[in-house]
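Presented below is the structure to which this report refers.
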């Protein structure tokens, strides 16, 4: 095979591999299946991207995602924070630190909406109910809930399963008298998780014979809304079982809507490029790149223009020793008539201070140099003067 053909085939293979990798990554990030269930980045049936994009298209609403802790949101006034598909089986679900941040957010007038994902709960034995907190008085066939939920303890509500298994069968729940008039009278609720032993501040909005499924309460200047299911805001439900009135009621009167993603494991870790974008350091970055390019260019090519014809004659310069270089320097910088006086002056300054015993001879040598300097330039004989100076120096 010819070398040119082999290189062409190799280039085509590299292009094909690059396109395949790009296509694979594009499909993964487009569908969003690399994110947790309930994430607004997911476009498949278990995500919440459709709800996020629907709210973002409504006029007068500023909708965004949060990839940083709650305290980074700023003032909670006129703001609704969504914590979608929170894992009710997670021992660290909304830790005490996060609960404190939510309290500060609510104290400023914010609204917090929490929906629970029960599909990762453990499957109990037949006929067994799990409880969080204190079991009901006189209750039988109950087992303690094997997970600690600090938020439930902080806001005083318990959870239980309406059945002995994690059934996904749909229940029909009815609106309570305290429900807002814009909410529907009944809802299809495909979840078996129920609230129980609620604090008196809680207001049930929808319930059935097993207990409430949607509750709310005031907290500080704001409100908390907790739903025992996350089915109604998933992409699949918005297509086949849409509850438009409930979805429109959840954000409340706020004009700023924030969907938190950190509780689902998607968190922003700021790096150099993130900080550069945040503080608009693009110009500085481009300047540093330009400076680096100029440095590389200066190191690889001289900025001094080349002499005409240099390098074109093919002549080479032979390296010489230091003595030859010194002789060449003297020939170029010192005239012949001034060679002896300057060399003698340099020698006298360096030797005269260290050899006081040579003072008479140096004086005689200085007279000889002065006599030679008084001669016309053409009458001077540097070689003869140098010989006579040497004789004076070594005379015994």
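Could you give the nm distance between label points at residue 358 and residue 64, where each point is 7 Å from its Cα heading toward the beta carbon?
Spacing of the two 7 Å Cα→Cβ label points: 8.4 nm.
Along each of the three principal axes of the Cα atoms of the range 154-255, give the extent in whole Å, ordering the values from largest to smallest.
The principal-axis extents, from largest down, are 37, 32, 23 Å.
What FRET efficiency, computed as 1/(1 + (r/R0)^6) with R0 = 30 Å and r the Cβ-Cβ distance, is obtained for residue 57 and residue 295, rounded to the nearest 0.05?
Values: r = 49 Å, r/R0 = 1.64.
Plugging the Cβ-Cβ distance into 1/(1 + (r/R0)^6) gives 0.05.
Can you tell me the FRET efficiency between residue 176 and residue 255 if r is taken as the Cβ-Cβ distance and R0 is 41 Å, rounded to the nearest 0.05? Show your work: numbers first, answer last.
On the way: r = 28 Å, r/R0 = 0.68.
About 0.90, to the nearest 0.05.
Separation between the residue 279 and residue 21 pseudo-spin-labels, each 7 Å from Cα along Cα→Cβ, expressed in nm?
Reported label-point gap for residue 279 and residue 21 is 3.3 nm.
Determine, from the Cβ-Cβ distance of residue 351 and residue 378 and an R0 of 30 Å, the FRET efficiency 1/(1 + (r/R0)^6), rounded to the nearest 0.05.
Working: r = 31 Å, r/R0 = 1.02.
Plugging the Cβ-Cβ distance into 1/(1 + (r/R0)^6) gives 0.45.
What percent does the relative contact order of the range 327-394 come to when contacts are Cα pairs within less than 8 Å and at least six residues apart?
Numbers: 28 pairs, mean separation 27.1, N = 68.
It rounds to 40 percent for the range 327-394.
Taking a ≥ b ≥ c as the square roots of the eigenvalues of the Cα gyration tensor of the range 327-394, is the shape rounded (a/c under 1.5), prolate (a/b larger than b/c) or oblate? If you can, show how the numbers build up before the last one.
Details: a/c = 2.21, a/b = 1.43, b/c = 1.55.
Because a/c hits 1.5 or more and a/b fails to exceed b/c, the range 327-394 counts as oblate.
Note the full-extension length gain between residue 44 and residue 12 as 0.36 nm times their separation in residues minus their Cα-Cα distance, in nm to one decimal.
Working: separation 32, 0.36 × 32 = 11.52 nm, distance 3.39 nm.
Taking 0.36 nm per residue and subtracting the Cα distance, the gain is 8.1 nm.
Based on the mean of other beta carbon atoms within 10 Å per residue, what is the order of 189-196, 213-220, 98-105, most packed first? Intermediate results must be reported in sequence, preceding the final value.
Working: 189-196: 21.6, 213-220: 20.0, 98-105: 18.2.
Packing order, densest peptide first, comes out as 189-196, 213-220, 98-105.
Every read-out reported here was derived from the displayed coordinates using simple, explicitly stated rules and does not represent laboratory data. Note that the structure is a prediction, hence the values are computed from the model and not measured. Heads up, the Cβs are rebuilt from the backbone with ideal geometry, glycines too, and the neighbour counts pull from every protein chain shown.
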